[in-house]
Structure formats: structure tokens, C-alpha cells
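First the structure, in the form of C-alpha cells, and then the observations on it.
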Amino acid sequence: MKNESKTRGIYVTKPYLPEMEEYVSMLSSIWESGVLTNGGAYHQALEQELCAHLGIGNLSLVCNGTLALELAIQALEIKGKIITTPYSFVATAASILQKGLEPVFVDIEDGGFNLDPELIGDALDGRVGAIMPVHVYGIPCRRERIEEIARDRGLKVIYDAAHAFGVELEGKSVLNWGDASTLSFHATKVFHTFEGGAVVCRNPELRRQIELRKNFGYENWEVHCLGSNAKLSEAQAAMGLVMLRHLERIMNLRKKRFELYCARLENVTGIKTLIIPGGVKHNYSYFPILVGAEFPLSRDELFDRFIAQEIYPRKYFHPAITDLSPYREFKIISRHKVPNARRAAEAVICLPLYPDISESDVNRICDVILQARQG
Ligand code: T4K
């Protein structure tokens, strides 16, 4: 955000904000009670409402999606290496390193964005303790194959579900998969609490372990384990409760704009749009396009055309994590090559998508692409 003037233009996203009065009216009870954090009334209410809304059993709110990943690794007592994807936001791999473990990067599927389960076998050795796939852009991973491998080898599975709030497959939340799933409630996400996140799990004992670790390891004034401070405040939880009231509207608006992009860009030679697989209830979180060799401009030339018109999309996720300097310098990259991730990273542009982007702005963005196509 620092390089963008943020005064004019169309940005990749814009946080949904309710009427300020609606949010401010929530604050009076915080003032009255004097409880600002450490699991107050709003915090508890939000955890319950999210479980009901998402169709999940156990959820622990935390201060962001990165700490959610770190806490899940810690609470599941994973050691050694974690197999993950090079095609994600850097937080996915950083969480592994922050916990003193080694990421092992396995390529994504050819023609997709998620970790390719068929390549996991080549990366396995006795030091691998877990698999950390990402539901990139809210498209569910190939769960059955991933969890079959995990079962056979006794590995844990943590899904980085930062993009998958509200995503379902065949009517059931993907957040129920694996040992744990993590969410991000950052301002740029479909559902936000300014900053925030959560760990979702089926096992209530695992939730208890997350609860302990997000609060210094404390329970009943005793320290039971190593912990951190990863709590969500009452003011943030209040935002989440307000956001839940607006969620249906938010999703409908996103869907409309997503469908407008699809209608206008679906048949443009050289441009690939995101395909939502059958049976998936999506959340319309991102609108990535891939700029192919048949398009008259390179990805970067098209990107520059947008910038010239004060349209600020993003190249999520360029470069592949394996090409980021800290990850290169420390020689932590596995022997496995990641050509599909690199190809996607070189071709991707995420177009602006948020609830109140206007129809005319979406049309203007599509026109930039169509005009470039026509030469
Ligand atoms: N796993 C995955 C797969 C993730 O994608 C992420 C985060 C995580 C884990 C970690 O979750 P958190 O720890 O963040 O909860 C953004 C977000 O900061 C990050 O949450 C997100 N993924 C990532 C994909 O994108 P930036 O550096 O691109 O954000 P920024 O500040 O440049 O904002 C993008 C645009 O949004 C700006 O052009 C303007 C607009 N914006 C942004 C903010 C923060 C606003 O209008 N208002 C705002 O307050 O990383």
C-alpha cells in the first residue's frame, strides 16, 4: 500500500465498512464493562456466531492469520519439515520458519493454483511431520489425496484457509478438513475484524491447546506450556459481529461483480479467468487472471497499462516464495523444482474486487484488457 497514493484510483481491494454509527454503538458496552481484551463478551459471542455461520465445531479467535498458522504448528507439536506450496502469500512459509521448522516446497497443479498432491510422495522423508496446503483464491485443495497420504504416513495436515472464509464443497465447510484450518480476518479479506484470524479444528482438545498458547500458556493463573500473545481485542471482535450482519449482502455484491468480470473476459484469447469447480460454494474473494503468450502484451505491460489509468491490481502471488530473497539465501528450498508455480507467478494479475466496486469500474478495468487485445 505504501507505494500507492491512495487518494484516487481503483485499488485491488477496499475493506467493507458498515455505517460508522453501527460500529460505534457496539463500543458503549466495552466502555461500560471496562473489558477490552482477554476473551470478553464480544470475543465469546463472535466465536459462537462464527461456528454457527460457518458450520464448524471449534474455533479460536487470534490476532491475525499468520499467528493462526504458527499456533496451529505449535499446538499440533509438529517437528522437522512441513510440505507446503511455493504459490501463496509469504506468511504461509514464514510461519513454518518462525517455528524453527523447514518448509519443503512442492509444486502446484498444472493449470491450477493449489499444491499438487501427486508430487507430495517425492518430497517425503522421515523428517516430514506435516502438510500445509493453501486453498488459493478460495478454491478447495484436493483433500482426499492429501489426507490419504497424510494418513498413510502419520502426518498432520494444516490447511491455510486464509482465502476460504465461507467456502463449501458439496454443502459442507472446507474448514472442517485436516487437523486444523487457519483463517485471516485482515482488512483486505472477505470477512474482516480490522486485523484478526482464527484456528478451526474438529478436536476440542486441540482448541484448548490453541487457547492456552494464544495467552502466554496461561490457564487459571498458571503457565502450562510455552505460549505467545495472539489474542483478538474486544473492539476487533465487535467489528466481526457487525460484519456478520452484513455478510449476505457482501457476498451477493462480490458475486455480481465476479460474474460481470467472467462475462466480459471469459472468451478473450490469451486471458484465463478463475474456474470455480462444480460443487463448490465460493466466496468471490479474488479475481485472478493469467496473461498467456497469445495475448499481445506481456503480463507486466498489461499491468503497466492499468497503473497508467490509476487502476492498481496486484500480482498475487509473484514471485513464487522460492524466489524470494530470504528463502533463496538461506538455501532452504527443497531439491524439488516448482515450474508450475513459477509460470503462474509470471502470468498472474489479481483484478480489483470488493463489495462496493461499481459496475462501471469493473467495465473500465475490462475495457483496458479488451483494448489491449485489439491493439
Ligand atoms: N496465508 C495466506 C494465503 C494469505 O494470503 C495471508 C495474507 C496470510 C496467510 C496471513 O494472514 P494475515 O496475517 O495477514 O492475517 C495483503 C494482506 O496484508 C494479507 O493479509 C493478505 N494475505 C495478502 C494476500 O494481501 P498486501 O501487502 O498486498 O496489503 P496492502 O496493505 O498492500 O493492501 C492491498 C490493498 O488493499 C491496497 O492497495 C489498498 C487496500 N487497503 C489495504 C488496507 C490494509 C485498504 O483500502 N485499506 C486497508 O486498511 O498484503
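The values are calculated or read from the model by the stated rules, or taken from the named source; none is laboratory data. What you see is a predicted model, and the numbers here were worked out from it, not measured in a lab. Neighbour counts run over all protein chains shown; Cβ positions are idealised from the backbone, glycine included. Ligands, DNA and RNA are excluded from the accessible area calculation, which covers all protein heavy atoms including side chains. Shrake-Rupley method; radii C 1.70, N 1.55, O 1.52, S 1.80 Å.
Numbers at a glance
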read-out: Difference of contour (0.36 nm per residue) and Cα-Cα distance, V280 to E49; value: 80.9 nm
read-out: Cleavage-rule hits, GluC sites (Glu not before Pro), the range 232-335, DSSP coil, Cβ neighbours within 10 Å at most 15; value: E266, E294, E310
read-out: Volume per residue that the Cα convex hull of the range 247-374 spans, once the total is divided by residue count, Å³; value: 145
read-out: Residues with amide H under 5 Å from that of N58, placed H, sequence gap 5 or more; value: C201
read-out: Candidates G154, G197, G227, ranked by Gaussian network fluctuation over the chain, Cα under 10 Å, top entry; value: G154
read-out: Spherically averaged projected area of the range 175-220 from its Cα convex hull (nm²); value: 3.9
read-out: Linear extension gain, F194 paired with D125, 0.36 nm per residue minus alpha-carbon span; value: 20.8 nm
read-out: Rh (Kirkwood; distinct C-alpha pairs) - the range 27-85, Å; value: 14.0
read-out: Loop GluC sites (Glu not before Pro), the range 107-171 (other Cβ atoms within 10 Å of the site Cβ: 15 or fewer; DSSP); value: E170
read-out: Per-residue SASA entry for D110, accessible area with 1.4 Å probe, Å² rounded to 10; value: 120
read-out: Heavy-atom accessible surface of the range 247-374: percent carbon and sulfur, 1.4 Å; value: 49
read-out: With DNA, RNA and ligands ignored, accessible area of K255 (1.4 Å probe; Å², nearest 10); value: 80
read-out: Most fluctuating residue given options N229, N58, N114, as computed from a GNM of the chain linking Cα atoms under 10 Å; value: N229
read-out: Within the chain: Cβ-based charge dipole about Cα centre, in debye rounded to nearest 20 (Lys, Arg +1; Asp, Glu -1); value: 500
read-out: Tally of Lys pairs whose C-alpha atoms are under 25 Å apart, taken over the range 165-258, 8 or more apart or cross-chain; value: 8
read-out: Accessible solvent surface per residue of the range 247-374, calculated while the other protein chains remain in place, 1.4 angstrom probe, Å²; value: 50
read-out: Amide H within-cut-off set for R314, under 5 Å, with H built and near neighbours excluded; value: C350
read-out: Label-point separation, D300 to N267 (7 Å along Cα→Cβ), nm; value: 3.4
read-out: Estimated inter-spin distance, D361 and Q98, nm [label 7 Å along Cα→Cβ]; value: 3.0
read-out: The range 20-242 - Rg (one decimal) and Dmax (whole number), Cα, Å; value: 17.5, 58
read-out: Per residue value of the accessible surface for the range 63-221 (all protein chains in place, 1.4 Å probe), Å²; value: 37
read-out: Cα centre as origin, Lys/Arg/Asp/Glu Cβ charges: the range 79-223 dipole, Debye; value: 460
read-out: Stretch in the chain that is longest and holds no chymotrypsin sites (Phe, Trp or Tyr not before Pro) that DSSP places in a loop and that have at most 12 other beta carbons within 10 Å; value: 1-220
read-out: Unit Cα scatterers, Debye sum, the chain: log10 I(q)/I(0) for q = 0.12, 0.14 Å⁻¹; value: -0.94, -1.25
read-out: Full-extension gain in nm, S28 to E219, via 0.36 nm per residue minus C-alpha separation; value: 65.9 nm
read-out: Rounded FRET efficiency, nearest 0.05, which uses the C-beta distance separating Q374 from N38 and R0 of 45 Å; value: 0.15
read-out: Kyte-Doolittle mean at least -0.5, axial Cα span of 30 Å or more - DSSP H helices of the chain; value: 234-265
read-out: Estimated vicinal HN-Hα couplings, Hz - the range 105-111 in sequence order (Karplus 6.51, -1.76, 1.60; Gly, Pro = x); value: 8, 10, 5, 8, 5, 5, x
